[in-house]
Structure formats: structure tokens, C-alpha cells
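**Student:** First, the structure itself, so that you have it in front of you.
Values quoted throughout were computed directly from the atomic coordinates according to the rules given, and no laboratory measurement underlies them. No experiment lies behind these values; they were computed from the predicted model shown. Reconstructed Cβ throughout: ideal geometry from the backbone, glycine too, with neighbour counts over all protein chains shown.
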Amino acid sequence: MTLPDFIIIGAARCGTTSLYFDLVKHPQILPNRVWKEINYFDLRWKDYSPSWYGDRFPAIEEGSKLITGEATVNYLHDLECAKRIYSTVPNVKLIATLRNPIDRAISHYFLFLDSWKKGRRHVILDGNIPWKEWKEDKSLDEVIDDEIEGRISNRHLKILNKGRYAEQLKEYYKYFPKKQLFIIQSEKYFETPIKVYADLLEFLEISPFKPVKFEHRNPYIHDDKNDTGKGIYPVKIETRQRLIEYFKPFNQELYKLLGYEMEGWDK
């Protein structure tokens, strides 16, 4: 049975899909047999065994220089996943991509909105979870109000809590040493992918490699000054300022935990 050598644990809307498919371009990294997300430690933990999980990965002989892994974005914000991962693969290398939580929340809102309009609710809910707390015409401000005031109980529909990274990472640090978790600032990955990618390969202990092209999958761009990607959505200045103030204390908590600040956040 093969178990993963690395797991990208999140966060959602932070470039995990791009990162995963950049990684499997490396000749030493084999993709898993599913696609990217296996959702074992969150959705399938109670119903499936570790051997089922191992069967989702390609067979790799002991002593081989090949490695494999997966990327499930729910693992970071689902606080039960850390101990489950540790109990199954305690030596796995963990990777977390963290994006400015303001941009992450806005991007997730528009993903929800598009998915609702297109009837693709399963994209976010991973099953038949009712959408009674979501309405097609809900504005971003209304969604923010609902979450802050406790009117959203379904964690899949929350857009703010997924950006409170410190409380999520602290759960992982209960089980894994910090050296076992590689943190990537998403903005840096898309600005300087060659440098970040090289550092990540060193963390994974595999040979240097540079993809011919770096991915930029599933972008939901909300800045009306940007004319690339799909789905350009302007956001009111007042709404962004509101999110800046909301996330400031959570970002400060993250900086204290990591020992450094994320460049360009808090604005």
C-alpha cells in the first residue's frame, strides 16, 4: 500500500490546484489516481479505511526516488483533519498555500455565486448539503453580515473563517513540527513561481526541475483593474475596507505564529 509523501492541505481559493498540477509535472512526482482532491480525512474518514486511501495512489516500490501526494483544500480549515492525518501518515510532508484572506474571501463568494447560478452546488458542498442559508441574490456584504452575526451554520458556506489561518495552523502544530509544514504565500507563488517552486522541491527532497509553463487554474478575479482570467468582479471600496479591519487581528496572530509578515496583506 502506498501512502502520500506530501499533502497540500489548503487553503481553498489560494492556488492549490495550480500548485498541485505544477508539482506533478516533475518527473519524480506521480499524480494520485483520483484527480487532485481525495477528501479522505474530512468527508470519507468514517466510512473508508487507510487501505482504501492507499489505493488512491500509484504503487511505488520501496527505495524508489518517486513520490506521490494529493491536495484537498478542506484539510486546513477542518480542525479534525490534523490529528487524522498524523494518525495515518505521521511523516508526511505538509504544504499550505495562504492567500491574502481578503482576496480569498471575495474569490470564494464569487465562486459560490457562479456555482449557484449554474446549478453546480456540489462544487462547494461535496454532497447534498442544503443551501437554505444561501440565496442567489445575496450581496457580498449580506454574506459577511450573516457569518459575523452567526446566521450561517453550514461551514461550507462560510467565507471568513477559512481565512483565519493561525487557528488552523495551530491545530497542525499540535501534531507536526514546524519543519514538516511548508508555508507558501500564494501571491509570491504567482509572482515568482520559479523561486518558490525550487524551495518547495528542496523541502520535498527531490531533484531540481523547472516546468516549461506554470499553471494558473480556476482564477476568480474581482479587481476591475485586471482584464485577465475569468470572472472580473469589482468590489466596493467600503466592503474591502470592512474586510481589512475584520482580518487585521487574525493576520497579526498569524504573523506572530510564523515569525514574519505576509507582504502586501492588510490592504
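**Student:** Hey, with R₀ at 22 Å, roughly what FRET efficiency would LYS188 and ILE237 work out to, going by the Cβ-Cβ distance, to 0.05? Kindly include the intermediate steps, with their values, before the conclusion.
**Tutor:** Numbers: r = 25 Å, r/R0 = 1.15.
Given R0 = 22 Å and the Cβ-Cβ separation, E is 0.30.
**Student:** Using the scaling law 2.2 N^0.38 Å as the reference, what is the normalised Cα Rg of the chain? The partial results should precede the final answer.
**Tutor:** Working: Rg = 18.4 Å, N = 267, 2.2 N^0.38 = 18.4 Å.
Compared with the compact-globule rule of thumb, the chain sits at 1.00.
**Student:** Continuing with the same structure: Return the FRET efficiency for the residue pair ASP199, ASP141: r is the Cβ-Cβ distance, R0 is 35 Å, and the value is rounded to the nearest 0.05.
**Tutor:** Working: r = 38 Å, r/R0 = 1.10.
That pair, ASP199 with ASP141, gives E of 0.35.
**Student:** Follow-up question, since we're still on this one. Comparing ASP55, ASP47, ASP114, which has the greatest mean-square fluctuation in the GNM of the chain with Cα pairs linked when under 10 Å apart?
**Tutor:** The residue that fluctuates most here is ASP47.
**Student:** Using Cβ contacts closer than 10 Å as the measure, can you line up PHE6, PHE203 from fewest to most? Numbers along the way, then the final one.
**Tutor:** Numbers: PHE6 23, PHE203 17.
Arranged by neighbour count, lowest to highest, PHE6, PHE203 become PHE203, PHE6.
**Student:** Give me the Debye-computed log₁₀ of I(q)/I(0) at q = 0.27, 0.28 Å⁻¹ for the range 160-214, equal point scatterers on Cα only, no solvent, two decimals.
**Tutor:** -1.07, -1.10
**Student:** Give me the aspartates and glutamates in straight-line cross-link reach of LYS210: C-alpha distance below 14 Å, same-chain residues under 8 apart excluded.
**Tutor:** Filter leaves ASP22, ASP199, GLU202.
**Student:** Return the single residue from LEU76, LEU140, LEU98 with maximal mean-square fluctuation; model: Gaussian network over the chain, springs between Cα atoms under 10 Å.
**Tutor:** For the chain, modelled as a Gaussian network with Cα springs under 10 Å, the answer is LEU140.
**Student:** Of THR2, ALA82, THR68, whose Cα points farthest to the positive end of the dipole of the chain (charges on the beta-carbon: +1 Lys, Arg; -1 Asp, Glu; origin at the Cα centre)?
**Tutor:** Value: THR2.
**Student:** Between LYS178 and GLU245, what is the label-point separation in nm under the 7 Å Cα-to-beta-carbon projection?
**Tutor:** Placing both labels 7 Å along Cα→Cβ, they lie 3.2 nm apart.
**Student:** Mind checking the full-extension length gain between ILE148 and MET1? Use 0.36 nm per residue of separation minus the Cα-Cα distance, one decimal, nm. Present the calculation step by step, with values, prior to reporting the outcome.
**Tutor:** Working: separation 147, 0.36 × 147 = 52.92 nm, distance 4.43 nm.
That pair, ILE148 and MET1, stretches by 48.5 nm at full extension.
**Student:** Oh, and also: Can you give the FRET efficiency to the nearest 0.05 for GLN252 and LYS46, using r as the Cβ-Cβ distance and R₀ = 45 Å? The partial results should precede the final answer.
**Tutor:** Working: r = 36 Å, r/R0 = 0.81.
So the FRET efficiency works out to roughly 0.80.
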